[in-house]
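Notes for the one structure printed next.
Each reported figure results from applying straightforward, stated rules to the coordinates on display, with no laboratory input. As the structure is a prediction and not an experimental result, all values here were calculated from the model. Positions of Cβ are backbone-derived with ideal geometry, glycine not excepted, and every protein chain shown enters the neighbour counts.
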Amino acid sequence: MKPPSLPDWVFPPPEGFVAEDLDHIPELPAHTELIDGSLVFVSPQRDFHTSIMYVLQKGLLESVPTGHRVRREMGVKLGPSQRPEPDMLVLGPETTIERDTTFFEARHVLLVAEVVSPDSAVRDRKRKPQLYAEAGIKHFWRVENDADRIVVYVYELDPATAAYALTGIHHDRLKLTVPFDLDIDLTEIDRL
């Protein structure tokens, strides 16, 4: 039996894909990211990932200042060949959003959060934070499941080094005053 033919987009152009290509590739799997000009496909999510995303989104929506917006799983254009899709992001009040928007520019993003999954651990812990910092996104959260206990690592951009500095490690409660006041009960995941 003849194998099915592969779609053209399986073969990247010699210079790699660019951020806008993600909007024009037919039948591209949902939540495909662009990292260093290469397409990155997302594996099916575990319950932990979906549940903690709900807890974070709910807490952020209750806390963000007027005019800020919370989005989940939306692309962020960091450069010509970089368009990752953070699990959660907060947009500043100056952001104009059209209903057909498929990505946001890094300059409008105040905070990104990545929930680490086994298949994305290296990207979520190393490459994506590096790209977010280089793009000037001021706040980054990395969320991990450590022996069935939620751990949120909170980082802030150091403008002198253009790299993130760890400002806190939170287990049961995420209580912060920067980038705005918030208090999220991380144990709420146990009630879902």
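Some observations on this one:
- Take every pair of alpha-carbon atoms less than 8 Å apart whose residues are at least six positions apart; their mean separation over the length of the chain yields a relative contact order of 16 percent.
- Aspartates and glutamates with Cα under 20 Å of Lys138, excluding same-chain neighbours fewer than 8 positions away: Glu73, Glu85, Asp87, Glu94, Glu105, Glu114, Asp124, Glu156, Asp158, Asp181, Asp183
- Residue list for region 75-96, given a label point 7 angstrom along the Cα-to-Cβ vector of Ala163 and an amide N cut-off under 16 Å: none
- Here the Gaussian network model covers the chain, with springs between Cα atoms less than 10 Å apart; of Ala121, Ala113, Ala147, Ala147 fluctuates the most.
- Segment Tyr54-Arg125, length gained on full extension (0.36 nm per residue, minus Cα span): 23.5 nm
- For the pair region 159-187 and region 1-80, the centres of their Cα atoms are 24 angstrom apart.
- Kirkwood-Stokes translational diffusion coefficient of the chain, alpha-carbon pairs, 37 °C, 0.692 mPa s, µm²/s: 187 µm²/s
- Residue exposure sequence - Val70, Val122, Val115 - by fewest surrounding Cβ within 10 Å: Val122, Val70, Val115
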